[in-house]
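As structure tokens, the structure follows; a few thoughts come after it.
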Amino acid sequence: MAATAGRAVAIRRPARRAGWGVLFSELVAFTAVRLIAAWGEVFPRWIPVLRGRRVPPLAAVVPAAIGTVLLRVIWTAAFAADFAG
């Protein structure tokens, strides 16, 4: 506790697990970039069996939906824990 103008103020320390959340968020954001990039419409040449074929829409929609739900749960839990003290 630190004293400020006669009042005790709690000093918060940063969460140690924040690094993993940031890394996860960046990976999900990178996959979202694939949804709008031109190279996300056709499989790349370096994939042996699928090269040159169109990417089915569900191959992009399902991971994006799962990422959305996971991020919602993670951030809701983080804010709930933060507000709870």
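Computed values, structure above
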quantity	calculated
Two-site FRET efficiency, Trp46 against Ala84, from Cβ-Cβ distance with R₀ of 41 Å, rounded to 0.05	0.30
Amide proton proximity set for Val42, modelled H, under 5 Å, gap of 5+	Val55
Contour excess over end-to-end distance, with Cα ends at Phe24 and Arg72 and 0.36 nm allotted per residue	16.0 nm
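Bear in mind that the values in this text are calculations on the coordinates, not laboratory data. Since we're looking at a predicted model, the values are computed, not measured. Backbone-built Cβ (ideal geometry, glycine too); neighbour counts: all protein chains shown.
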